[in-house]
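Notes for the one structure printed next.
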Amino acid sequence: MRLAIDCRGLRTSPSGIPNFVVTAINGISALRPDWELYLLANDTFNEDLDSKLVKRDNVIKVIEPLKLLPNYAIIWYFTKVESIVKRIDPDVFWAPAFLLPPFLPKNVKTLVTVHDMVFKQYKDTMSGMNRLFFELLHDRSVKQADMLWTNSEYTKAGVEHYFRERACRDIFSGFFIDTDRFRPVQVSEQQRTSLLAKFGQHDKFILFVGTLEPRKNLSFLLSLMPALAKLGYSLLVIGAKGWGDTQVKAIVEAEDFPREQVHFAGYVTSEELVQIYNIASVYVSTSLNEGFGMPQLEAMACGCPVVSPHNSAMIEVVEGAGETVKTWEEADWIEAIVQVDQNRMDYIAAGYMRVKEYERDTVIQNLTDYIERHMAPQPLLT
(Lines give C-alpha, C1' and ligand atoms only; values in the text may rest on other atoms or scores of the structure.)
Protein backbone atom coordinates (compact mmCIF):
# COMPACT_ATOMS: atom_id res chain seq x y z
CA MET A 1 0.00 0.00 0.00
CA ARG A 2 1.31 3.44 -0.93
CA LEU A 3 -0.11 6.30 1.14
CA ALA A 4 0.48 9.97 0.23
CA ILE A 5 -0.13 12.38 3.11
CA ASP A 6 -0.72 16.13 3.15
CA CYS A 7 1.93 17.25 5.66
CA ARG A 8 1.72 21.03 5.23
CA GLY A 9 0.75 21.26 8.90
CA LEU A 10 4.13 19.89 10.00
CA ARG A 11 5.82 23.14 8.91
CA THR A 12 4.30 25.01 11.85
CA SER A 13 4.87 24.91 15.60
CA PRO A 14 3.49 21.87 17.48
CA SER A 15 -0.23 22.02 18.20
CA GLY A 16 -3.23 19.70 18.10
CA ILE A 17 -3.48 18.53 14.49
CA PRO A 18 0.28 18.55 13.67
CA ASN A 19 0.98 16.49 16.82
CA PHE A 20 -1.78 14.08 15.82
CA VAL A 21 -0.36 13.71 12.28
CA VAL A 22 3.12 12.85 13.58
CA THR A 23 1.69 10.33 16.04
CA ALA A 24 -0.44 8.76 13.31
CA ILE A 25 2.50 8.50 10.87
CA ASN A 26 4.65 6.85 13.55
CA GLY A 27 1.86 4.39 14.34
CA ILE A 28 1.07 3.47 10.73
CA SER A 29 4.72 3.07 9.73
CA ALA A 30 5.33 0.77 12.72
CA LEU A 31 2.20 -1.37 12.45
CA ARG A 32 2.27 -1.58 8.63
CA PRO A 33 5.95 -1.88 7.66
CA ASP A 34 4.91 -3.05 4.18
CA TRP A 35 3.14 0.29 3.54
CA GLU A 36 5.04 3.21 2.03
CA LEU A 37 4.19 6.62 3.50
CA TYR A 38 4.97 9.71 1.40
CA LEU A 39 4.96 12.94 3.42
CA LEU A 40 4.11 15.81 1.08
CA ALA A 41 4.88 19.43 1.95
CA ASN A 42 6.02 22.69 0.39
CA ASP A 43 8.67 23.41 3.03
CA THR A 44 10.81 21.72 5.67
CA PHE A 45 9.12 20.51 8.85
CA ASN A 46 9.19 22.28 12.19
CA GLU A 47 12.27 21.12 14.10
CA ASP A 48 10.31 20.03 17.17
CA LEU A 49 7.78 18.02 15.14
CA ASP A 50 10.48 16.55 12.91
CA SER A 51 12.38 15.33 15.97
CA LYS A 52 9.29 13.34 17.05
CA LEU A 53 8.90 11.73 13.62
CA VAL A 54 10.36 8.21 13.61
CA LYS A 55 12.61 7.93 10.53
CA ARG A 56 11.70 4.44 9.33
CA ASP A 57 12.61 3.12 5.88
CA ASN A 58 8.97 3.21 4.78
CA VAL A 59 8.59 6.93 5.60
CA ILE A 60 9.61 9.13 2.66
CA LYS A 61 9.61 12.92 2.78
CA VAL A 62 8.66 14.74 -0.42
CA ILE A 63 9.46 18.44 0.12
CA GLU A 64 8.91 20.36 -3.12
CA PRO A 65 8.29 24.11 -2.78
CA LEU A 66 6.97 26.30 -5.53
CA LYS A 67 9.93 28.08 -7.09
CA LEU A 68 8.29 31.49 -7.35
CA LEU A 69 6.07 31.33 -4.23
CA PRO A 70 7.82 28.97 -1.78
CA ASN A 71 5.90 30.14 1.30
CA TYR A 72 2.36 29.94 -0.07
CA ALA A 73 1.10 26.52 1.03
CA ILE A 74 -2.41 27.16 -0.29
CA ILE A 75 -1.22 27.88 -3.83
CA TRP A 76 1.10 24.86 -3.60
CA TYR A 77 -1.87 22.69 -2.59
CA PHE A 78 -3.91 23.90 -5.56
CA THR A 79 -1.19 23.72 -8.19
CA LYS A 80 1.70 21.43 -7.21
CA VAL A 81 0.20 18.47 -5.34
CA GLU A 82 -1.44 16.96 -8.42
CA SER A 83 1.87 16.54 -10.26
CA ILE A 84 3.58 15.11 -7.16
CA VAL A 85 0.78 12.58 -6.66
CA LYS A 86 0.88 11.55 -10.32
CA ARG A 87 4.61 10.87 -10.03
CA ILE A 88 4.34 8.92 -6.75
CA ASP A 89 1.22 7.03 -7.92
CA PRO A 90 -0.12 6.22 -4.42
CA ASP A 91 -3.07 3.97 -3.71
CA VAL A 92 -4.50 6.47 -1.20
CA PHE A 93 -4.21 10.21 -0.59
CA TRP A 94 -4.83 11.15 3.05
CA ALA A 95 -5.93 14.67 3.97
CA PRO A 96 -5.48 14.75 7.79
CA ALA A 97 -6.78 18.33 8.12
CA PHE A 98 -10.17 18.17 6.40
CA LEU A 99 -9.33 19.36 2.90
CA LEU A 100 -8.53 17.51 -0.32
CA PRO A 101 -6.63 19.29 -3.10
CA PRO A 102 -8.92 20.15 -6.03
CA PHE A 103 -7.24 17.92 -8.60
CA LEU A 104 -6.20 14.32 -8.00
CA PRO A 105 -5.93 11.36 -10.38
CA LYS A 106 -9.18 9.39 -10.44
CA ASN A 107 -7.41 6.11 -9.67
CA VAL A 108 -6.23 7.44 -6.27
CA LYS A 109 -8.61 6.73 -3.39
CA THR A 110 -9.05 9.51 -0.84
CA LEU A 111 -9.19 9.53 2.97
CA VAL A 112 -10.30 12.71 4.76
CA THR A 113 -10.01 13.22 8.52
CA VAL A 114 -12.77 15.44 9.91
CA HIS A 115 -11.96 17.01 13.28
CA ASP A 116 -15.11 19.04 13.91
CA MET A 117 -18.09 20.75 12.33
CA VAL A 118 -16.92 24.28 13.11
CA PHE A 119 -17.29 25.29 9.47
CA LYS A 120 -20.97 24.42 9.70
CA GLN A 121 -21.75 25.45 13.27
CA TYR A 122 -19.30 28.26 14.11
CA LYS A 123 -18.07 29.61 10.78
CA ASP A 124 -17.92 33.18 12.11
CA THR A 125 -15.31 32.14 14.71
CA MET A 126 -12.82 31.03 12.03
CA SER A 127 -9.99 33.20 10.76
CA GLY A 128 -10.59 34.88 7.42
CA MET A 129 -7.98 32.84 5.56
CA ASN A 130 -9.21 29.53 6.94
CA ARG A 131 -12.79 30.46 6.14
CA LEU A 132 -11.85 31.23 2.53
CA PHE A 133 -9.94 27.97 2.14
CA PHE A 134 -12.79 26.00 3.70
CA GLU A 135 -15.36 27.76 1.47
CA LEU A 136 -13.45 26.48 -1.54
CA LEU A 137 -12.73 22.93 -0.44
CA HIS A 138 -14.55 21.81 2.74
CA ASP A 139 -17.92 20.54 1.51
CA ARG A 140 -16.47 19.08 -1.67
CA SER A 141 -13.81 17.19 0.32
CA VAL A 142 -16.30 15.59 2.73
CA LYS A 143 -18.84 14.76 0.04
CA GLN A 144 -16.38 13.23 -2.42
CA ALA A 145 -14.00 11.38 -0.08
CA ASP A 146 -13.86 7.63 -0.60
CA MET A 147 -13.14 7.18 3.12
CA LEU A 148 -13.93 9.39 6.11
CA TRP A 149 -12.22 9.35 9.50
CA THR A 150 -13.75 11.32 12.37
CA ASN A 151 -12.08 11.94 15.70
CA SER A 152 -15.19 11.37 17.84
CA GLU A 153 -18.71 10.01 17.75
CA TYR A 154 -19.89 13.61 18.13
CA THR A 155 -18.08 14.66 14.94
CA LYS A 156 -19.29 11.53 13.16
CA ALA A 157 -22.89 12.45 14.01
CA GLY A 158 -22.21 15.94 12.64
CA VAL A 159 -20.98 14.55 9.32
CA GLU A 160 -24.04 12.32 9.07
CA HIS A 161 -26.31 15.29 9.82
CA TYR A 162 -24.77 17.91 7.53
CA PHE A 163 -23.66 15.61 4.71
CA ARG A 164 -26.49 13.20 4.05
CA GLU A 165 -25.42 12.99 0.42
CA ARG A 166 -21.82 11.79 0.42
CA ALA A 167 -19.79 9.13 -1.36
CA CYS A 168 -18.56 7.44 1.84
CA ARG A 169 -21.33 5.78 3.85
CA ASP A 170 -19.04 3.86 6.24
CA ILE A 171 -17.37 6.43 8.54
CA PHE A 172 -14.44 5.37 10.72
CA SER A 173 -14.27 6.96 14.19
CA GLY A 174 -11.28 6.92 16.54
CA PHE A 175 -8.57 9.16 17.93
CA PHE A 176 -5.47 9.21 20.14
CA ILE A 177 -2.69 11.33 21.55
CA ASP A 178 1.03 10.68 21.81
CA THR A 179 1.26 8.95 25.19
CA ASP A 180 5.01 8.51 24.72
CA ARG A 181 5.19 12.28 25.08
CA PHE A 182 2.16 13.13 27.22
CA ARG A 183 2.66 11.06 30.34
CA PRO A 184 3.52 11.39 34.03
CA VAL A 185 7.09 12.65 34.46
CA GLN A 186 9.24 13.36 37.48
CA VAL A 187 9.42 17.12 38.03
CA SER A 188 11.98 17.95 40.69
CA GLU A 189 11.27 20.61 43.30
CA GLN A 190 13.89 22.79 41.65
CA GLN A 191 12.26 22.37 38.23
CA ARG A 192 8.83 23.06 39.71
CA THR A 193 10.02 26.23 41.44
CA SER A 194 11.69 27.38 38.22
CA LEU A 195 8.55 26.75 36.13
CA LEU A 196 6.29 28.52 38.61
CA ALA A 197 8.62 31.53 38.64
CA LYS A 198 9.01 31.62 34.86
CA PHE A 199 5.25 31.58 34.26
CA GLY A 200 4.23 33.67 37.26
CA GLN A 201 2.19 30.98 39.02
CA HIS A 202 1.31 30.08 42.60
CA ASP A 203 1.48 26.55 44.00
CA LYS A 204 -2.21 26.18 43.13
CA PHE A 205 -2.75 27.07 39.50
CA ILE A 206 -5.30 26.45 36.78
CA LEU A 207 -4.11 25.61 33.28
CA PHE A 208 -5.72 26.53 29.96
CA VAL A 209 -4.27 25.37 26.62
CA GLY A 210 -5.65 26.51 23.28
CA THR A 211 -5.50 29.05 20.48
CA LEU A 212 -6.94 32.38 21.59
CA GLU A 213 -10.02 32.54 19.38
CA PRO A 214 -13.71 33.18 20.14
CA ARG A 215 -14.91 29.56 20.23
CA LYS A 216 -12.50 28.74 23.08
CA ASN A 217 -14.52 31.15 25.28
CA LEU A 218 -11.49 32.13 27.37
CA SER A 219 -13.35 35.28 28.41
CA PHE A 220 -15.64 33.17 30.61
CA LEU A 221 -12.72 31.52 32.40
CA LEU A 222 -11.13 34.93 32.95
CA SER A 223 -14.41 36.19 34.41
CA LEU A 224 -14.07 33.53 37.13
CA MET A 225 -10.62 34.67 38.19
CA PRO A 226 -11.60 37.40 40.69
CA ALA A 227 -13.41 34.74 42.73
CA LEU A 228 -10.80 32.01 42.12
CA ALA A 229 -7.94 34.33 43.02
CA LYS A 230 -9.50 34.86 46.43
CA LEU A 231 -9.35 31.06 46.87
CA GLY A 232 -5.61 31.09 46.15
CA TYR A 233 -5.62 30.09 42.46
CA SER A 234 -3.61 31.64 39.65
CA LEU A 235 -4.16 30.98 35.94
CA LEU A 236 -1.69 30.04 33.21
CA VAL A 237 -2.88 30.48 29.62
CA ILE A 238 -0.84 28.66 26.98
CA GLY A 239 -1.64 29.14 23.34
CA ALA A 240 -0.90 31.12 20.23
CA LYS A 241 -2.62 34.42 19.59
CA GLY A 242 -5.53 33.62 17.33
CA TRP A 243 -8.17 35.78 15.72
CA GLY A 244 -11.52 37.42 16.30
CA ASP A 245 -12.91 39.36 19.26
CA THR A 246 -12.14 37.29 22.36
CA GLN A 247 -12.89 40.20 24.79
CA VAL A 248 -9.76 39.18 26.69
CA LYS A 249 -8.13 42.62 26.63
CA ALA A 250 -11.16 44.38 28.10
CA ILE A 251 -11.52 41.83 30.90
CA VAL A 252 -7.86 41.83 31.88
CA GLU A 253 -7.71 45.62 31.92
CA ALA A 254 -10.75 45.98 34.17
CA GLU A 255 -9.96 47.75 37.45
CA ASP A 256 -10.83 44.84 39.76
CA PHE A 257 -9.18 42.09 37.67
CA PRO A 258 -6.36 40.18 39.47
CA ARG A 259 -3.78 40.71 36.72
CA GLU A 260 -0.88 39.57 38.88
CA GLN A 261 -2.46 36.10 39.12
CA VAL A 262 -2.95 35.52 35.38
CA HIS A 263 -0.11 34.87 32.93
CA PHE A 264 -0.34 34.53 29.13
CA ALA A 265 2.58 32.33 28.08
CA GLY A 266 2.01 32.04 24.33
CA TYR A 267 3.95 29.18 22.76
CA VAL A 268 5.94 26.82 24.99
CA THR A 269 8.08 23.84 24.00
CA SER A 270 6.63 20.33 24.09
CA GLU A 271 8.91 19.43 27.00
CA GLU A 272 7.75 22.43 29.03
CA LEU A 273 4.11 21.74 28.23
CA VAL A 274 4.39 18.18 29.54
CA GLN A 275 6.00 19.41 32.74
CA ILE A 276 3.32 22.07 33.17
CA TYR A 277 0.55 19.50 32.72
CA ASN A 278 2.27 17.42 35.39
CA ILE A 279 2.33 20.18 38.02
CA ALA A 280 -0.93 22.06 37.29
CA SER A 281 -3.67 21.77 39.91
CA VAL A 282 -6.54 21.57 37.40
CA TYR A 283 -6.90 21.81 33.63
CA VAL A 284 -9.95 23.91 32.72
CA SER A 285 -11.61 24.37 29.34
CA THR A 286 -14.58 26.70 28.84
CA SER A 287 -14.92 26.06 25.11
CA LEU A 288 -18.25 26.47 23.36
CA ASN A 289 -17.66 23.46 21.13
CA GLU A 290 -14.94 20.89 20.45
CA GLY A 291 -14.76 18.12 17.89
CA PHE A 292 -12.69 16.09 20.34
CA GLY A 293 -10.89 17.64 23.33
CA MET A 294 -7.23 16.87 22.76
CA PRO A 295 -5.79 19.09 25.54
CA GLN A 296 -8.19 17.48 28.00
CA LEU A 297 -6.87 14.02 27.11
CA GLU A 298 -3.26 15.24 27.16
CA ALA A 299 -3.83 16.66 30.64
CA MET A 300 -5.34 13.41 31.91
CA ALA A 301 -2.45 11.44 30.42
CA CYS A 302 -0.04 13.60 32.44
CA GLY A 303 -1.98 13.23 35.68
CA CYS A 304 -3.75 16.59 35.62
CA PRO A 305 -7.48 16.47 36.52
CA VAL A 306 -9.91 18.15 34.11
CA VAL A 307 -12.97 20.41 34.21
CA SER A 308 -14.82 21.10 30.94
CA PRO A 309 -18.24 22.22 29.74
CA HIS A 310 -20.94 19.60 29.25
CA ASN A 311 -21.10 20.03 25.49
CA SER A 312 -19.97 18.56 22.18
CA ALA A 313 -17.26 15.85 22.15
CA MET A 314 -15.95 16.96 25.54
CA ILE A 315 -18.77 14.93 27.06
CA GLU A 316 -17.45 11.63 25.67
CA VAL A 317 -13.82 12.51 26.42
CA VAL A 318 -14.21 13.97 29.93
CA GLU A 319 -17.46 12.84 31.58
CA GLY A 320 -16.79 10.12 34.16
CA ALA A 321 -13.06 10.89 34.24
CA GLY A 322 -13.22 14.61 35.04
CA GLU A 323 -16.06 17.01 35.70
CA THR A 324 -18.30 18.45 32.99
CA VAL A 325 -20.28 21.53 34.03
CA LYS A 326 -23.82 21.74 32.65
CA THR A 327 -24.43 25.46 33.18
CA TRP A 328 -22.60 28.74 32.67
CA GLU A 329 -23.27 29.85 36.23
CA GLU A 330 -20.15 31.16 37.95
CA ALA A 331 -20.91 29.34 41.21
CA ASP A 332 -21.22 25.97 39.43
CA TRP A 333 -17.83 26.36 37.77
CA ILE A 334 -16.04 27.42 40.92
CA GLU A 335 -17.59 24.54 42.82
CA ALA A 336 -16.46 22.06 40.14
CA ILE A 337 -12.89 23.40 40.03
CA VAL A 338 -12.52 23.31 43.81
CA GLN A 339 -14.10 19.84 44.02
CA VAL A 340 -11.75 18.41 41.42
CA ASP A 341 -8.71 20.00 43.04
CA GLN A 342 -9.64 18.75 46.52
CA ASN A 343 -10.24 15.20 45.23
CA ARG A 344 -7.50 15.24 42.63
CA MET A 345 -6.11 11.75 43.24
CA ASP A 346 -9.48 10.14 42.44
CA TYR A 347 -9.79 12.21 39.27
CA ILE A 348 -6.20 11.49 38.26
CA ALA A 349 -6.82 7.74 38.53
CA ALA A 350 -10.04 8.03 36.51
CA GLY A 351 -8.20 10.10 33.90
CA TYR A 352 -5.53 7.45 33.43
CA MET A 353 -8.26 4.88 32.80
CA ARG A 354 -9.94 7.13 30.23
CA VAL A 355 -6.69 7.64 28.32
CA LYS A 356 -6.44 3.86 27.86
CA GLU A 357 -9.64 4.00 25.80
CA TYR A 358 -7.77 6.10 23.21
CA GLU A 359 -4.76 3.81 22.70
CA ARG A 360 -2.96 4.71 19.49
CA ASP A 361 -2.02 1.28 18.18
CA THR A 362 -5.56 -0.06 18.58
CA VAL A 363 -6.99 2.89 16.65
CA ILE A 364 -4.32 2.60 13.93
CA GLN A 365 -4.90 -1.14 13.58
CA ASN A 366 -8.64 -0.56 13.13
CA LEU A 367 -8.00 2.34 10.76
CA THR A 368 -5.65 0.42 8.48
CA ASP A 369 -8.10 -2.50 8.43
CA TYR A 370 -10.78 0.01 7.39
CA ILE A 371 -8.57 1.34 4.57
CA GLU A 372 -7.80 -2.16 3.32
CA ARG A 373 -11.49 -3.08 3.28
CA HIS A 374 -12.21 -0.03 1.13
CA MET A 375 -9.31 -0.85 -1.21
CA ALA A 376 -10.38 -4.46 -1.71
CA PRO A 377 -12.08 -5.26 -5.04
CA GLN A 378 -15.85 -5.11 -4.68
CA PRO A 379 -17.79 -8.25 -5.69
CA LEU A 380 -19.85 -7.95 -8.84
CA LEU A 381 -23.59 -7.82 -8.29
CA THR A 382 -25.52 -10.56 -10.05
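The values are calculated or read from the model by the stated rules, or taken from the named source; none is laboratory data. Keep in mind it's a predicted model, so treat the numbers as computed, not measured. Cβ sites come from the backbone with ideal geometry, for glycine too, and all protein chains shown count toward neighbours.
Looking at R169, R183, R164, just one residue is within 30 Å of I25 (Cβ to Cβ), without any contact (Cβ under 8 Å) to a residue 40 or more places away in the chain and surrounded by fewer than 19 Cβ atoms within 10 Å (Cβ to Cβ), and that residue is R169. A single member of K52, K109 is touching a residue at least 60 places away in the same chain (Cβ under 8 Å) and touching a His at 6+ places or on another chain (Cβ under 8 Å), and it is K109.
Okay, residues lined up against (1) in contact with an Asp or Glu (Cβ under 8 Å, 6 or more places away or on another chain); (2) closer than 20 Å to W328 by Cα; (3) crowded, with 17+ Cβ neighbours inside 10 Å; (4) without any contact (Cβ under 8 Å) to a residue 12 or more places away in the chain:
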| site | (1), (2), (3), (4) |
| --- | --- |
| T150 | no, no, yes, no |
| S188 | no, no, no, yes |
| Q191 | no, no, no, no |
| L231 | no, yes, no, no |
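Scanning the range 4-47 for residues being assigned to a strand (DSSP E or B), within 23 Å of I74 (Cβ to Cβ) and among the hydrophobic types (A, V, I, L, M, F, W, C) gives a total of 5. What single numbered condition from (1) surrounded by fewer than 22 Cβ atoms within 10 Å (Cβ to Cβ); (2) modelled with pLDDT of 95 or more fails to hold for T246? So T246 meets the others, but not (2).
Counting only residues that are among the aromatic types (F, W, Y) and out of contact with any Pro (no Cβ under 9 Å at 6 or more places or on another chain), the range 283-323 holds 1 of them. Any residue that is under 18 Å from F205 (Cβ atoms), touching a Gly at 6+ places or on another chain (Cβ under 8 Å) and surrounded by fewer than 23 Cβ atoms within 10 Å (Cβ to Cβ) - is there at least one of those in the range 330-340? Yes. Taking helices (runs of 4 or more DSSP H) as the structural unit, those lying wholly within the range 68-185 and holding at least 3 residues that are over 23 Å from the mean Cα position of the chain (by Cα) and modelled with pLDDT of 95 or more correspond to 81-88. Note on the range 65-79: among residues that are of a type outside the set (A, V, I, L, M, F, W, C) and surrounded by fewer than 17 Cβ atoms within 10 Å (Cβ to Cβ), the one that is farthest from H138 (Cα to Cα) is K67. In the set (1) closer than 22 Å to H115 by Cα; (2) surrounded by 21 or more Cβ atoms within 10 Å (Cβ to Cβ), I315 fails one condition alone, (2). Considering F220, F199, F205, the condition of being buried (at least 20 other Cβ atoms within 10 Å of the Cβ), farther than 24 Å from E357 by Cα, aromatic (F, W, Y) and touching a residue at least 24 places away in the same chain (Cβ under 8 Å) is satisfied by F205 alone.
When D43, D91 are screened for being more than 22 Å from Y370 (Cβ to Cβ) and surrounded by 15 or more Cβ atoms within 10 Å (Cβ to Cβ), only D43 passes. Sub-9 Å Cβ pairs linking a first residue in the range 319-348 that is under 17 Å from M225 (Cα atoms) to a second residue that is basic (K, R), at least 6 apart or interchain, are D332/K326; D341/K204, ordered by first then second residue. Close Cβ contacts (under 6 Å, 6 or more residues apart or on different chains) running from residues in the range 298-311 that are within 19 Å of N19 (Cα to Cα) to residues that are among the polar types (S, T, N, Q) comprise A301/T179; C302/N278. All of (1) under 30 Å from G210 (Cα atoms); (2) surrounded by fewer than 20 Cβ atoms within 10 Å (Cβ to Cβ) hold for M1 with one exception: (1).
Table: residues versus (1) over 18 Å from K156 (Cα atoms); (2) among the small types (G, A, S); (3) touching an Asp or Glu at 6+ places or on another chain (Cβ under 6 Å).
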residue	(1), (2), (3)
N58	yes, no, yes
I63	yes, no, no
I75	yes, no, no
V92	yes, no, no
K109	yes, no, yes
H115	no, no, no
L137	yes, no, no
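The combined condition, being touching a strand residue (DSSP E or B) at 6+ places or on another chain (Cβ under 9 Å) and in the same structural domain as P295 (by TED's automatic domain parsing), is not fulfilled by G232.
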